[in-house]
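Enquirer: First the structure, then my questions, so here it is.
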Amino acid sequence: MEHNEFVSNFELSPIAIEYLDSNGIIRYINQSFIDLFGIQSIENVQFFNLFTDPNFSQSAIADIKAGKPVKLEIEIDFELVKSDNLYPTSREGNCFLEYYIHPKIDENKEVAGYIVHIIEVTEQKKTFLSLKQQAEELQKLKIAKDKFLSIIAHDLKNPFNAIIGFNDLMISSFSDLDDETLLQGLYTIESASKHAFKLLENLLIWSQNQNGQLQYNPELLNLNSQLAETLNMIESTATIKGISLVNGIRKSIKIFADKNMIDFVLRNLILNAIKFSPRGEKVRIKAVETDHEIQVSVIDNGVGVAPVNQSAIFNIDKHTLTLGTDNEQGTGFGLILCKDFIKLHNGTIGVESSPGKGSIFTFTLPAHRKSI
């Protein structure tokens, strides 16, 4: 009677249960096991060996063989099960399972078999991973917020110090200053004002993008024409420094992108190349077209970027400022925004560089609308 009651409980249990012999071979399973693994009967898994299951680590198998109770979580990929012909199953996708493996010890204190209880925890795992991801995103936002405030407090303070300082000097000593000193002071105020305005502008754009308020309106563009417009806007900056700008993009290349964002990316990458190039050098822009994307590169022979800084220049939490070869100032936000804009296009951006040997900044864009 007790045996029949045990068999009934075994069969009717809502928890998947299997009994394995001492060699790890399945001998009995209940209906919940059949339902969980999407099989028809024990014949589908009767040759499946727990000790050769790739989902179990070698240390876990060693503990099981040693007769230790084992609890572990496993992710099962049923598509992999099918492709590897492990056993026929009607289940699809992935699931997370908790295994409770209890050894059955005989009178000689040897392992005679194993009773295994299996509980699906897929929904709980998804909830946990979702909460973990949210926590990570919140931490990133906190870091970004702290850095944002740091930039406002430090980087925005410097140009205003210059503006206020020279302004006070000219007011207090106006009658004692010659025209050349006054003019130099005005140039300093102008330069500091433009720098502060540019920093504020970039901070505003970045903030809008972080809050999802920035408009993203992709359209079909001719990349050569887009670059020509950008080069026309910054030609005077290159001329002052004696830098030649070379448009090496074929007129036939088309991209599907937001015009304003791509103009921003091109302008910032080229201005950076000018900024960090010695006088009289060249900055070349080229593009390589593949079936699915366009790879756009801005190439210079400037001071280069040290390997330790190559990832930092794209991250707000590692925000840095470096003066150009003629002591040009930057906001430090340009490349961060470039990365955000290219990410919106499902593209990537990176740099290949060595100190003293120049840099190649490359970003990718979808070649056709269907790629978006």
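Any read-out appearing in this document is the output of simple, stated calculations on the displayed coordinates, not a laboratory observation. Note that the structure is a prediction, hence the values are computed from the model and not measured. Here the Cβ positions follow ideal geometry from the backbone for every residue, glycine too, while neighbour counts run over all protein chains shown.
Enquirer: Which of ILE274, ILE349, ILE240 moves most in a GNM of the chain, Cα contacts under 10 Å?
Expert: It is ILE240.
Enquirer: Counting Lys and Arg as +1 and Asp and Glu as -1, what is the net charge of the other residues whose Cβ lies under 12 Å from the Cβ of THR230?
Expert: My count for the surroundings of THR230 gives -1.
Enquirer: Turning to a different aspect of this structure: Can you flag which of LYS68/LYS126; LYS194/LYS275; LYS68/LYS132; LYS194/LYS259 are past 21 Å Cα-Cα?
Expert: Listed pairs above 21 Å: LYS68/LYS126; LYS68/LYS132; LYS194/LYS259.
Enquirer: Could I ask something else about it? When the C-alpha atoms of the chain are aligned to their principal axes, what extent does each axis show, in angstrom, from largest down?
Expert: Principal-axis extents of the chain (Cα, largest first): 113, 53, 38 Å.
Enquirer: A further question follows. For the range 215-273 and the range 163-179, write down the distance between their C-alpha centroids in whole Å.
Expert: 41 Å
Enquirer: Tell me which aspartates and glutamates have Cα within less than 15 Å of LYS357's Cα, excluding those fewer than 8 residues away on the same chain?
Expert: Partners within reach: GLU281, ASP300.
Enquirer: Angle, helix 122-154 long axis vs. longest principal axis of the chain, Cα atoms, 0 to 90°, nearest 10?
Expert: With rounding to tens, the tilt is 20 degrees.
Enquirer: Where does each of ILE285, ILE39, ILE255 land when they are ranked from fewest to most other beta-carbon atoms within 10 angstrom? List each step's numbers first, then the result.
Expert: On the way: ILE285 23, ILE39 18, ILE255 26.
In order of increasing Cβ crowding within 10 Å: ILE39, ILE285, ILE255.
Enquirer: Provide the packing ranking of 178-188, 126-136, 25-35, 71-81, i.e. peptides ordered by the mean count of other C-beta atoms within 10 Å per residue, highest first.
Expert: Numbers: 178-188: 12.2, 126-136: 10.5, 25-35: 17.6, 71-81: 13.8.
Descending packing order for the listed peptides: 25-35, 71-81, 178-188, 126-136.
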